[in-house]
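Inspection log for the structure reproduced underneath, given as structure tokens.
Please treat every number below as a calculation from the coordinates, not as lab data. Keep in mind that this is a model prediction, so the values were computed, not measured. When we count neighbours, we look across all protein chains shown, and the Cβ atoms used for this are built from the backbone with ideal geometry, even at glycine.
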Amino acid sequence: MELLNQISEYLQQGDDEKVFELTGIAIKEGISPKEILDDGLLAGIGIIGKQFKNHEIFLPDVLLAAKAMQAGLNQIKPLLERDKIPGMGKIVLGTVKGDVHDIGKNLVGIMLKGAGYDVIDLGKDVASEQFVETAIIEKANVVGLSALLTTTMPVMKEIISMLKEKDPEGNIKTIIGGAPVTKNIADEYGADAYAFDAANAIDQIKLLI
Amino acid sequence: MELITSQIVPSFSDVLRRQGVPEQATIKEAIRLDFYSALEIFQSSAKPQYLAEEISKEIFDEIFNASGLNEEENPLQSIYSAADQIALFVITVGGVVTEKIKECMTKNEIVIASMMDTIASLAVENSVGLLEDYFAEKWNSREEETVLGYSPGYCGWHLAGQTEIFRILKPEKIDVHLSDSFLMEPIKSVSGVIIKGPKEIHLFRNNFQFCSTCVDHTCVSRMKNLKK
Ligand code: B12
Ligand code: SF4
């Protein structure tokens, strides 16, 4: 549909005002919020994700598109909730206790929100218990942990173990990241996934949920 | 020395580089405009301040080893042992900047928020550079000598080292506080030591055990600059 293609196009250009306007028109024209989401917004951000992975565009371009995505998403969100259309999933995110490096974690949060996930960002220097409690109370699908100091990396292991104790069925998955973290460390800590950057985080989380 | 915001702000190209944008990439006008908006907010909200104090090698030795948590083998031990002059420092651009970044995030001004974040990080790092220059001049650093900064958390010096730096400098005076997990509040702050000595003392082999988890190998470019 032409209108939805246009939404996708403007989103890719990072034109939040146009995306806002056209999403409004699409709603008025009676296009279902699910269609607007899938064929307009998510279609556009999907292309952005691929271009980013292929190094055709870079971080500021992605953020510009994510901002446009939010502008559209904010309009259809109440409608999706009204129609009880389930979201992509709920992610609890934060930088572990003892670490203030949150730039990377923030990017992961922005990209996840842009991809349609519900993100509960607990911030930085977050107590281990808070991750576990929030994940359980909020019935989160995934807990995402970030650490940039080698001294705070082991805290992630502690959180993963605590979570496994409180959620023995393993309904809540874990993903970890941060510059010094590797796939090997994720395996050693018992995390369900590892991602090296924000675009990869979306791919990995898709596989988890 | 007074830290002046206009002297520590990074250029647009520095910010793009830190955000991983290659030099030849085409930059959308909206991104350029967002950078200048971010710069403006940063300039009106940053409050750069520092504390620095010269100390003897013996006192630094105590400070360095106080936590007992450093890596057994580390480059700094031999660097400061051969140093001529040493000063401790804490630098911050203040907490209002972080609040402004959060505000932009909440208003969905994601690009501005991310630009401000990078500007603030680079501004703190540039401030350390200015402090190095200041001490180089003050200590009459000669051609064959150099003045370089090192921080707890880097290269085998445990983060707990910040406790000792705080005990001596008392940065609470400039509103910088240390949490019980050794983190500084405001976030955009850096602490450490500035060391003057012959260039060769700052050269070392970066094959310590902890180097395997190092993300940016900053020692490489620093040592390359020294050899020039
Ligand atoms: C910017 C920066 C700062 C800034 C502030 C950061 C902030 N939050 O605002 C400033 C200059 C203030 C700073 C200060 C300090 N820093 Co610092 N800092 C950095 C630096 C240069 C870049 C980090 C960054 O933002 N990268 C960009 C983002 C986009 O990348 P990223 O974080 O890796 O995130 C990506 C991926 O890792 C992944 N990811 C990240 N999180 C997650 C989470 C999940 C769930 C997933 C799936 C993926 C994922 O996706 C992200 C997006 O692509 C790093 C060096 C480096 N190259 O990493 C040092 C570094 C992290 N800092 C370091 C240190 C030691 C400090 C200090 C303690 C130094 C000191 N004594 O003063 C202080 C502490 C400040 C405090 N308040 O207590 C050391 C840590 C050493 C170590 N490994 O233990 C580093 C590695 C520098 C070094 N070479 O030694 N720092
Ligand atoms: S490789 Fe990294 S950890 Fe090792 S000495 Fe160089 S900067 Fe420090």
(request) State the number of lysine pairs found in region A:90-208 whose Cα atoms come within less than 14 Å, restricting to pairs 8 or more positions apart or on distinct chains. (result) 16
(request) Below 28 Å Cα-Cα, how many Lys pairs turn up in region B:1-152? Only count pairs eight or more apart in sequence, or on different chains, if you could. (result) 8
(request) Starting from region A:1-110, pick out the trypsin sites (Lys or Arg not before Pro) whose DSSP state is loop and whose Cβ has at most 11 other Cβ atoms within 10 Å. (result) A:84
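Counting only GluC sites (Glu not before Pro) that are in a DSSP loop and have at most 14 other C-beta atoms within 10 Å, tell me the longest site-free stretch of chain B.
B:145-228
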(request) At most 16 other Cβ atoms within 10 Å plus a DSSP loop assignment makes a site exposed; report the longest stretch of chain A without any exposed GluC sites (Glu not before Pro). (result) A:57-137
(request) Give me the percent of DSSP beta bridges within the protein assembly as shown that run antiparallel, rounded to the nearest 5. (result) 60 percent
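What is the projected area of the convex hull of the Cα atoms of region A:1-121, averaged over all directions, in nm²?
The orientation-averaged projected area of the Cα hull of region A:1-121 comes to 7.7 nm².
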(request) Give the value in nm², to one decimal: projected area of the alpha carbon convex hull of region A:52-106, averaged over all directions. (result) 5.7 nm²
(message) Between helix A:16-28 and chain A, what is the angle of the helix's C-alpha long axis to the longest principal axis, kept within 0 to 90° and rounded to the nearest 10?
(response) 70 degrees
(request) Determine by what factor the alpha-carbon radius of gyration of chain B differs from 2.2 N^0.38 Å, reporting the quotient. (result) 1.06
(message) Normalised radius of gyration for region A:90-208, please: alpha carbon Rg relative to 2.2 N^0.38 Å, two decimal places.
(response) 0.91
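Convex hull volume of the Cα atoms in region A:102-166, per residue, in Å³?
Spread over its residues, the Cα hull of region A:102-166 gives 78 Å³ apiece.
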(message) Let me understand the protein assembly as shown better: what is its radius of gyration from the alpha carbons, and its Dmax, in angstrom?
(response) 23.5, 77
(request) Quick one: compute a quarter of the convex hull surface over the Cα atoms of region B:1-48 and quote it in nm². (result) 3.8 nm²
(request) Evaluate the charge dipole of the protein assembly as shown about its Cα centre and quote only its size in Debye, nearest 20, assuming +1 on the Cβ of each Lys and Arg and -1 on the Cβ of each Asp and Glu. (result) 380 debye
(message) Roughly how far apart, in whole Å, are the Cα centres of region B:97-163 and region A:3-54?
(response) 39 Å
(message) Can you tell me the orientation of helix A:198-208 relative to chain A, as the angle in degrees between its alpha-carbon axis and the longest Cα principal axis, to the nearest 10?
(response) 80 degrees
(request) Treating the angle as unsigned and between 0 and 90°, give the value, to the nearest 10°, between the Cα long axis of helix A:153-166 and the longest Cα principal axis of chain A. (result) 80 degrees
